[in-house]
Amino acid sequence: MKYTTNKAFGKPFLYKGLNIYPVKMKDTDEFYDAVQCLLLPKNDFQQPEIIRMSYLLFLLTVSQSNDEHRVLEKLLALYRLVFKTEDIQISINEKGMAFVIVNGITLHERDFDTIKTIISEQNLIDLDDEFIDPDTKKAIQEARAFMAKRKTKQADLEQQIIAYHCKSGLPYHEIEQLTLYQFHKGLLRMDYMVSSNAILHARYSGMIEFKNDQDLPHWLGHIEEPKKNEDVIITKSTFDQQMKKLGLEPSSNKK
C-alpha cells in the first residue's frame, strides 16, 4: 500500500505534467458553485446515447440546453481554480471527441474522468455513483432525507469555521489558507478528541466502566472512513441478525 501525506499537507497532485491544486477555504464559495458541474447525474437521463457519452461530452451537450447554459461556465471556473491558470480551452474534433487543453497540454475524455476523481478526493466531494440505477438512487435519497430529520441539525459551514477558530485558536486569516481537506479532517479530529476526552473522564470518575481498557478511545485513535451510503444501506446478513433479535423470521431473499 502506498502512503502519501500530500492531502494532509495541502500539496498539489501532479498529473500529466500539470499540478492539480486542492481548494483553500478562502475559495470555498467559488468552488462549491463551480463543482456543481461534476455532480450532474448523467445516467438519470436514461437515453442510451447520453449514457454512452463520456462525462465531458455529456457536459458539453448539456451546456447547449437553455436550462443548463451555465454548465460550461462552471467547468471553466472549476478548472481555473484547481489548475491555477487562465489558459484553458475546450474543443471537439471532427470525430466528435472532446478535449480540454490546459497550458498547452491536451487532456482527453478519460483524463477528464481521472481529474474528476482527483478533485473529488482532494476536496472531499461525494460524486454521483453512475452505476446505481435511478430507482435505487431515489430510495437512497429518500432514506437519507428521513434519517436527516431524526438527527440533530449540524452546524453549517460558517458555524463550523467559527467552531474551528474557537477550538483551535487559529486566526481566521490562517483558516482561510487551509485546504478544504485539512479543515474538514481537522474538525473531525477535534470532535473525536473532545468525545474521547469526555469518555475517559467518565471512565476514571467511575461513571462508566469498560470490560477491556483496550476499548478506551484514544485522542490519536484511528477514525474509520465511512463507506458510501452505509448510513442508509445494510447488508442482508446484518438485516437477518436484526430480525432474529426481534424474534422475526429472516428474509429468504438472497439478494
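The values are calculated or read from the model by the stated rules, or taken from the named source; none is laboratory data. Everything quoted here is computed from the prediction, not taken from an experiment. Cβ atoms come from the backbone with ideal geometry, glycine included; neighbour counts cover every protein chain shown. With ligands, DNA and RNA removed, areas are computed over all heavy atoms of the protein, side chains included. Shrake-Rupley method; radii C 1.70, N 1.55, O 1.52, S 1.80 Å.
Dipole check for the stretch 7-123: with +1 at the C-beta of Lys and Arg, -1 at the C-beta of Asp and Glu, and the Cα centre as origin, the magnitude is about 460 Debye.
From the largest down, the stretch 7-123 spans 43, 28, 21 angstrom on the principal axes of its Cα atoms.
Extension gain, Met97-Cys166: 0.36 nm per intervening residue step, less the Cα-Cα distance, totals 19.8 nm. When you filter the trypsin sites (Lys or Arg not before Pro) in the stretch 85-122 for DSSP loop state and at most 12 other Cβ atoms inside 10 Å of their Cβ, you are left with Lys95.
The H on the amide N of Ile20, modeled in the peptide plane, is under 5 Å from the matching H of Phe13, Leu14, Tyr15, each at least 5 residues off or on a different chain. Taking 0.36 nm per residue of separation and subtracting the current Cα-Cα distance, fully stretching the chain between Glu86 and Asn6 would add 26.4 nm.
May I ask which of Lys16/Lys95; Lys11/Lys42; Lys74/Lys153; Lys42/Lys74; Lys84/Lys167 have a Cα-Cα span longer than 20 Å here? Going by Cα-Cα distance, Lys16/Lys95; Lys11/Lys42; Lys74/Lys153; Lys84/Lys167 fall outside the 20 Å limit.
Available extension along the chain between Glu225 and Asp33 is 66.5 nm, counting 0.36 nm per residue and deducting the alpha carbon span. The portion of the accessible surface of the stretch 7-123 made up by carbon and sulfur, rounded to a whole percent, is 50 (1.4 Å probe; DNA, RNA and ligands excluded). Computed from the C-beta positions of Ser195 and Ile51, the FRET efficiency with R₀ = 25 Å rounds to 0.05.
Take each peptide in 31-38, 191-198, count the other Cβ atoms within 10 Å of every residue, and average; sorted highest first, the result is 31-38, 191-198. Placing R0 at 35 angstrom, the Cβ-Cβ distance between Glu174 and Asp126 gives a FRET efficiency of 0.80 after rounding to 0.05.
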